[in-house]
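Shown next, in structure tokens, is the structure this report addresses.
The values are calculated or read from the model by the stated rules, or taken from the named source; none is laboratory data. Since the model is a prediction, treat every value here as computed from it, not as a measurement. Positions of Cβ are backbone-derived with ideal geometry, glycine not excepted, and every protein chain shown enters the neighbour counts. For the accessible areas, the whole protein counts, side chains as well, though only heavy atoms, and no ligand, DNA or RNA atoms are used. Shrake-Rupley method; radii C 1.70, N 1.55, O 1.52, S 1.80 Å.
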Amino acid sequence: MRRLRLTTGGESHGPGLTAILQGMPAGMPVDFAVLEREMARRMHGYGRGNRMKIENDSVDIRGGVRGAETLGSPIVLWVENRDYKNWQPMMDPRETVPHRVEQRRVHLPRPGHADLPGGLKYLRKDLRDILERASARETAARVAAGSFARMLLSRFGIDIKSGVRFFGPLGAEAPPPAWKDLLQVDDSSPLRAIDRALEPEMVRLVDQAKQDGETLGGGVTVIAHNIPPGLGSHVQWDEKLDGRLAQAVMSVPAVKAVEIGAGISASQGFGSAAHDIIERTDKGSWRRPTNRAGGTEGGITNGEDVVITAFKKPISTLRKGLPSVDLDTLEAQTSQYERSDVTALPAAGVIAESMVALVLADALLEKLGGDSMAEIDAHWESSRRLQKEWP
Ligand code: EPS
């Protein structure tokens, strides 16, 4: 990111998670209800393991906010891991007796997880040292930070939603949804599916996978609505907004592919079926009857909704295990099971929304500049007026 900086820290079963978000302007009112709502949304979803019954992801604000307004200083957030008390002394930073620390040593790497490459990279012989940080628990810190980005965006009327486009094979041929489709998603439904008719079958598939010791992935689509034209840039590879969005969404755990708009189907047909024709309305604004480009052309927002789909592989922790090698004996052995989820796809949508919010807030701040909300508000007004007057 160019204007914002986000760093998170903390292990899955350590004392807790920290997020430090730097670069937010001063004077933004903080809506604590948004923060709480987003944290609760991330915990939800059919197919999750028991961890979410232990946690209550509330956020402590430890810096950057005073009197319910941002100060322009780093926003420091803390999410306690309630489960930490069950991981004593293994996760205690001050415990020095090796056999106490290694009581739950991991030595059978899971294919698809960070266990093996992380162990090789950091030369750790207890793979717990890797998986504790590779765990998707870290995303609680991202969602906490992302909710501040959402607050900034919502001041300018920008809203972000997501829904499960397909789950495993169910609905896999569904095209990218539009904003009106996401308005149908019921956040309290088991899978947060866009096609609600598929939901009962999805629930049955989770149950079946659970029984078989399996896991499942799928696709979630995030849409950002009411986006002003002109965010991002065509001039340099790392300024292109589509690339920035793709990186942010690809960083969500287990995401292996990202599609913007109808990028996949567009690549398989003729140009005349791939692009969105340009029209001018009677009221003097630009109109695109379709949105195959997913809201970006040349790495710049064109004013249409930003549509981005994350394709998430099945979680790599399978109860039935997969063929692997024991680090101690170097012999073939089944990978280790560690409590996990059958699927975390509904949560991945909320996490991807947070990543999209951070990238869009960053691009908005880049476009508008300023250290305070007063300056940003003024720049917003003049930028919108000049765009209306153009050409
Ligand atoms: C998660 C916490 C984790 C997992 C899940 C996401 O808790 P635990 O490891 O104690 O069960 O439930 O993480 C994974 C599935 C993964 O592969 O990392 C959370 O807070 O979202």
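Data table
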quantity	calculated
Nitroxide proxy distance, nm - points 7 Å out along Cα→Cβ at R124 and Q211	3.7 nm
Area accessible to solvent at E239, 1.4 Å probe radius, in Å²	40 Å²
Rounded to the nearest 20 debye, dipole of the chain from Cβ charges on Lys, Arg, Asp, Glu	240 debye
S267 - accessible surface, heavy atoms, 1.4 Å probe, Å² rounded to 10	90 Å²
Residue-level accessible surface for R385, protein heavy atoms, 1.4 Å, Å²	120 Å²
Average Cα contact separation per residue, the chain, under 8 Å, 6 or more apart, as relative contact order %	22 percent
Förster radius 30 Å - calculated FRET efficiency between E381 and M52 (Cβ-Cβ, nearest 0.05)	0.10
Protection proxy ranking of 351-358, 153-160, 30-37 - average other beta-carbon atoms within 10 Å, highest first	351-358, 153-160, 30-37
Ranked order, T301, T290 - accessible area, probe 1.4 Å, largest first	T290, T301
Theoretical FRET efficiency, 1/(1+(r/R0)^6), r = Cβ-Cβ of K283 and S372, R0 41 Å, to 0.05	0.80
E331/R100 FRET efficiency (R0 41 Å; Cβ-Cβ; nearest 0.05)	0.90
Residue-count net charge about G218 - beta-carbon cut-off 9 Å; Lys, Arg +1, Asp, Glu -1	+2
Sequence-distant aspartates and glutamates (8 or more away, or on other chains) whose Cα lies within less than 18 Å of K240	E259, E297, E304, D305, D362, E366
C-alpha center-to-center spacing [the stretch 15-94, the stretch 251-327] in angstrom	29 Å
The stretch 167-239 and the stretch 358-372: distance between their alpha carbon centers, rounded to Å	27 Å
Two-site label geometry, R339 and S267: point separation in nm, points 7 Å out along Cα→Cβ	4.0 nm
Subset of K283/K367; K210/K320; K367/K388; K53/K85; K161/K312 violating a 20 Å alpha-carbon distance limit	K283/K367
